[in-house]
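Peer 1: So that we are looking at the same thing, I have put the structure below in structure tokens.
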Amino acid sequence: MRKSSRRTAHGGRNRNWTELPDDITALILSRLGTLEILRTAQRVCMTWLRICKENSLVWKTIYIHDENYIDMTYLDKICRHVIDLSSGNLVDVSIEYIGTDQLLKYMAESSSGIRRLRFVNCTRLTDEGFSEVALKLPLLEDLDISKCDNISSKSLQVVTCSFPLLKSCILNSLKLDISSESRCFCMVDYSHG
């Protein structure tokens, strides 16, 4: 018979991590970066691999910040794979370098519950692509699109009209004051410049 715990030097018990409930393990794993989960965490044991494949709680967040990665097409495929694994439960997206109009559209069509969206250094994200998906993200509360050369002030009107729950917004060097009294007022955000 296998023991599930043993005494430590301080009299406490060590627990076997593989015996945690799947949802608790999924929440713990979800705190890791997307690439870290794919590259290492799901390889720890068969239980973690199964949870990563079957439990969409692991994939409520996409966090890809790997500017040293050479193959951006591969990172795009990884991102789409994680979107699929989320089963529509994606709520937090933070991406650098790989964001495109097509990827944003894929996200919005797969997960309308996204609350936080952050794209940085995504030169293939455009005003037109952003405008096309804006109405598909009705729960968006936090938007940060920084250093994206093809996003202009044209997107400000889209932001003010499309996201009723928005609490925080940065579009390149503009920080949008989204209070109800001044929904369309913009000011320069010097902290990103």
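The values are calculated or read from the model by the stated rules, or taken from the named source; none is laboratory data. In this text, all values refer to a predicted model and were calculated from it rather than measured experimentally. Cβ sites come from the backbone with ideal geometry, for glycine too, and all protein chains shown count toward neighbours.
Peer 1: Exactly one of these conditions fails for Leu143: (1) within 18 Å of Ile83 (Cα to Cα); (2) within 13 Å of the chain's Cα centre (by Cα); (3) crowded, with 17+ Cβ neighbours inside 10 Å. Give me its number.
Peer 2: (1)
Peer 1: Find all pairs meeting these conditions: Cβ atoms under 7 angstrom apart; at least six residues apart or on different chains; first residue within the range 80-92 and under 15 Å from Leu35 (Cβ atoms); second residue among the aliphatic types (A, V, I, L, M).
Peer 2: Taking only residues 6 or more apart or on different chains, the pairs are Val82/Ile62; Ile83/Leu90; Ile83/Met107.
Peer 1: Further question: In the range 80-96, how many residues are crowded, with 20+ Cβ neighbours inside 10 Å and closer than 18 Å to Asp144 by Cβ?
Peer 2: Within the range 80-96, residues that are crowded, with 20+ Cβ neighbours inside 10 Å and closer than 18 Å to Asp144 by Cβ number 3.
Peer 1: Can Ile64 be described as of a type in the set (A, V, I, L, M) and under 11 Å from the mean Cα position of the chain (by Cα)? If you could, list the steps in order and put the result at the bottom.
Peer 2: On the way: of a type in the set (A, V, I, L, M): yes; under 11 Å from the mean Cα position of the chain (by Cα): yes.
When the stated conditions are applied, Ile64 passes them.
Peer 1: Within the range 21-53, how many residues are closer than 21 Å to Ile83 by Cβ and exposed (fewer than 13 other Cβ atoms within 10 Å of the Cβ)?
Peer 2: 5
Peer 1: Now for a different question. Any chance the range 154-176 includes a residue that's assigned to a strand (DSSP E or B), more than 16 Å from Asp101 (Cβ to Cβ), at pLDDT 90 or above and out of contact with any Leu (no Cβ under 6 Å at 6 or more places or on another chain)?
Peer 2: As a first pass, look at the range 154-176 and keep what is assigned to a strand (DSSP E or B): 168-171, 174-176.
Filter once more, keeping what is more than 16 Å from Asp101 (Cβ to Cβ): 168-170, 174-176.
Now narrow it down to the ones that are at pLDDT 90 or above: none.
Checked against the condition, which is being assigned to a strand (DSSP E or B), more than 16 Å from Asp101 (Cβ to Cβ), at pLDDT 90 or above and out of contact with any Leu (no Cβ under 6 Å at 6 or more places or on another chain), the range 154-176 yields no hits at all.
Peer 1: What's the number of the only condition in (1) at pLDDT 90 or above; (2) over 19 Å from Asp149 (Cβ atoms); (3) assigned by TED's automatic domain parsing to the domain that holds Asn172 that Leu103 fails to meet?
Peer 2: Checking Leu103 against (1) at pLDDT 90 or above; (2) over 19 Å from Asp149 (Cβ atoms); (3) assigned by TED's automatic domain parsing to the domain that holds Asn172, the one that fails is (2).
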